[in-house]
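One structure is given here, and the rest of the page talks about it.
The values are calculated or read from the model by the stated rules, or taken from the named source; none is laboratory data. Because the structure is predicted, anything quoted here is derived from the model rather than measured. Cβ: placed from backbone, ideal geometry, glycine included. Neighbour counts: every protein chain shown.
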Amino acid sequence: MVMISCFDRLHLQMESHTAEESSSAITLQLKGRVIDGDPGSNLIVRAAQMVLNRYALKSIPRISIMLEKNIPVGAGLGGGSSDAAGTLFAVNRLLGSQLSLSELSEMASELGSDVPFFLGNSHALCWGRGEKIIPLSPMEPKIIVLWNPGFSLSTGLVYQSLHASESEELTESAAISKIEGLLREDECVNDLESVAFNLHPILFTVKESLYEFGAKKAMLSGSGPTLFGIYSDRAQAEKASRHLQEKFGGWSDVFETLEVSPLF
């Protein structure tokens, strides 16, 4: 997994509060891409609540959170997971940074399989459910084109549809031995593509279009539906992004891989 320069933004403010129940001490406001559902069930609120519970303060502070949502919801880009990780980190800092990164990572794993990744290095090999992480040294920065069709794919449905024989269980030693191969672009694969492309054939068509416009590698991100293309030339990447939006609609933009996590 690699972090890229596609961000949501979290703004937090803490005030003194004397509520008896900490659940009433967290408020969440949303801007940008709308999130359906009760904000109380949002990962951000759960993450903030977990940190407050761990501190067990006698006087519970009021924490106001405002989320600027830029990453498409349900896109396979880790937007919700990165928001949760950022909230854990930020609330802990507001309260004096008494919890260690190890403690935050433990809480992160309770929130979601890939949440711990966003508390660590910008590059990592992840396996299992995503909770087993080996930090990697940053690769040379790469230019990334993202395209999202404007609809979401159920992660559960995609994984359930993947035949068991198509997946591979890796021990830690086996995972380490495959790092070099996985980092070579010509050996990258996503086993979930066959399922996602079968559910929505347009995804395969857009992947081919990324190659037609000069991508060195094009793949489905996570369980989809977002696709990404790796480019060596930014002008060509921007041309590809414009073409995808004009021909297929949806949302597309150009980003870069990060050498350092934005949390540090």
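Take the conditions over 24 Å from PRO116 (Cα atoms) and either modelled with pLDDT of 90 or more or touching a Leu at 6+ places or on another chain (Cβ under 9 Å) (or both) and apply them to ALA84. Does it pass? So ALA84 does not fit the description; no.
Right, SER100: modelled with pLDDT of 90 or more, more than 15 Å from the chain's Cα centre (by Cα), surrounded by fewer than 16 Cβ atoms within 10 Å (Cβ to Cβ) and among the hydroxyl-bearing types (Ser, Thr, Tyr) or not?
Numbers: modelled with pLDDT of 90 or more: yes; more than 15 Å from the chain's Cα centre (by Cα): yes; surrounded by fewer than 16 Cβ atoms within 10 Å (Cβ to Cβ): yes; among the hydroxyl-bearing types (Ser, Thr, Tyr): yes.
Yes, satisfied.
Against the conditions (1) in contact (Cβ under 8 Å) with a residue 60 or more places away in the chain; (2) more than 23 Å from TRP251 (Cα to Cα); (3) out of contact with any Ser or Thr (no Cβ under 7 Å at 6 or more places or on another chain); (4) crowded, with 23+ Cβ neighbours inside 10 Å, ALA84 satisfies every one except (1).
Identification of helices (runs of 4 or more DSSP H) wholly contained in the range 180-264 with 1 or more residues that are among the aliphatic types (A, V, I, L, M) and touching a residue at least 60 places away in the same chain (Cβ under 8 Å) yields 202-212, 234-248. Scan the range 236-258 and give yes if some residue there is of a type in the set (D, E, K, R), surrounded by fewer than 18 Cβ atoms within 10 Å (Cβ to Cβ) and touching a Pro at 6+ places or on another chain (Cβ under 7 Å), otherwise no. Yes, the range 236-258 contains a residue that is of a type in the set (D, E, K, R), surrounded by fewer than 18 Cβ atoms within 10 Å (Cβ to Cβ) and touching a Pro at 6+ places or on another chain (Cβ under 7 Å).
Taking each residue of the range 141-157 that is surrounded by fewer than 15 Cβ atoms within 10 Å (Cβ to Cβ) and looking for partners that are modelled with pLDDT of 90 or more and not hydrophobic (A, V, I, L, M, F, W, C) with beta-carbon atoms closer than 8 Å, six or more apart or interchain, yields PRO141/GLU256; PRO141/THR257; PRO141/GLU259; GLY150/GLY249; GLY150/GLY250; PHE151/HIS200; PHE151/PRO225. Would you please name the residue that is nearest to ALA237 (Cα to Cα), looking only at residues in the range 193-209 that are at pLDDT 95 or above and in contact with a Lys or Arg (Cβ under 9 Å, 6 or more places away or on another chain)? Only one residue fits best here, namely SER209.
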